[in-house]
Structure formats: C-alpha cells, structure tokens
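Student: Have a look at this one before I ask anything.
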Amino acid sequence: MIKPRLNIVDLSEVEPNTRRGGDLRAMLTPTTVGSTSGFMGVAIVQPGDRIAEHYHPYSEEFVYVVCGQLEVDLDGDPHPLRPEQGLMIPAHMRHRFRNVGNVEARIVFHLGPLAPSPPLGHVDTEETDSVPVAAQEAAGAGRTAERGEVRS
C-alpha cells in the first residue's frame, strides 16, 4: 500500500481554471497530495458570473458555501444557496452555479469517487466563452465574462 504524502496546498499555489466559468482551483488531488478517493477545491465566482452547466458521471459532488449569494440549478430547477449551507449533488445530476449577489462568492467542493480518468469525470452540457484571467485583469475588465473548468 502506498502511503499518501502529507501536503498542505495554499490557494495561491493553484492556477485558476477559468474555462467553464468562475475561478476554479482543484487543490487536494491525486497529483498534488496523492489522494485516491476524490479531490477537493475552491470555486470563486464574481457577481454576475456562473459556472456552466455540467454533470459528473462517476462522482457525487459535495459543496459548502463559504460566502456570497448563489443560485444552483439542479436538473434545471433553481435553488438559492447562502453562506454556511452545504449541498450534495448526486452523480449524473446536471448542475450550474450563478452568483446572484453583489459580492464575490466562494464555495468549497469535493468530488468522489474519482472517475477512471480525468477527462471522463466532467461532462459539459452548455457552451461557454473562454477569457483568460490574466487578459481580463490586464485590460482592467470585470470578471463577469470568465468561464472556468474543473476536471474530476
């Protein structure tokens, strides 16, 4: 049996993933800490931004809202999410997160079990525009046009 390595990962050490909306950062993963049952990360969603609709065919997703006002669509039905609430999204359920408030929203997410390979773990169900974070910040633009991704 391979013993997982102890590893503390700082949010600033993880590159933003903005391909499907928001700023998603997979922090504790098989690559970063040797996890074998799933992975954990943080999603940062600016006012007016969203994480595009998708589903996970192999994993349940556990979400905890740290701050901000979100709305989550579960198989097309909207539900409000506020700080200090948790949500479990079953495998195969389509979901999308939208920041409907006036301040940045942050959620902690965990997916498990792992898919057989990362590309199989996340299925997009809608298109998004991709705008790199650095390009928007350099232009002084807001982050509402960003799109992000997390592969499970």
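Student: So which of Gly21, Gly86 ends up being among the small types (Gly, Ala, Ser) and farther than 20 Å from His122 by Cβ?
Tutor: Exactly one residue qualifies, and that residue is Gly86.
Student: Same structure again: Only one of (1) touching a residue at least 60 places away in the same chain (Cβ under 8 Å); (2) surrounded by fewer than 15 Cβ atoms within 10 Å (Cβ to Cβ); (3) hydrophobic (A, V, I, L, M, F, W, C) is not met by Met88, so which one is it?
Tutor: (1)
Student: Give me the residue from segment 33-59 that is open to solvent by less than 40 Å² (accessible area, probe 1.4 Å) and at pLDDT below 95 and, out of that set, nearest to His110 (Cα to Cα).
Tutor: Result: Ser35.
Student: Turning to a different aspect of this structure: Can you tell which of Val9, Val42 is β-branched (Val, Ile, Thr) and within 16 Å of Phe97 (Cβ to Cβ)?
Tutor: Step by step, each of Val9, Val42 is checked, and only Val42 is β-branched (Val, Ile, Thr) and within 16 Å of Phe97 (Cβ to Cβ).
Student: Filter segment 20-32 down to the residues that are open to solvent by 40 Å² or more (accessible area, probe 1.4 Å) and at pLDDT 95 or above and list them by number.
Tutor: Leu28 - this is the single residue of segment 20-32 that is open to solvent by 40 Å² or more (accessible area, probe 1.4 Å) and at pLDDT 95 or above.
Student: So which residues in segment 60-85 are at positive phi and either modelled with pLDDT under 95 or open to solvent by less than 50 Å² (accessible area, probe 1.4 Å) (or both), if there are any at all?
Tutor: Gly68, Gly76
The values are calculated or read from the model by the stated rules, or taken from the named source; none is laboratory data. This structure is a prediction, so every number in the text was calculated from the model and none was measured. Please note: Cβ atoms are built from the backbone with ideal geometry, for glycine as well, and neighbour counts cover all protein chains shown. SASA here: full protein model, heavy atoms, side chains in, ligands and nucleic acids out. Shrake-Rupley method; radii C 1.70, N 1.55, O 1.52, S 1.80 Å.
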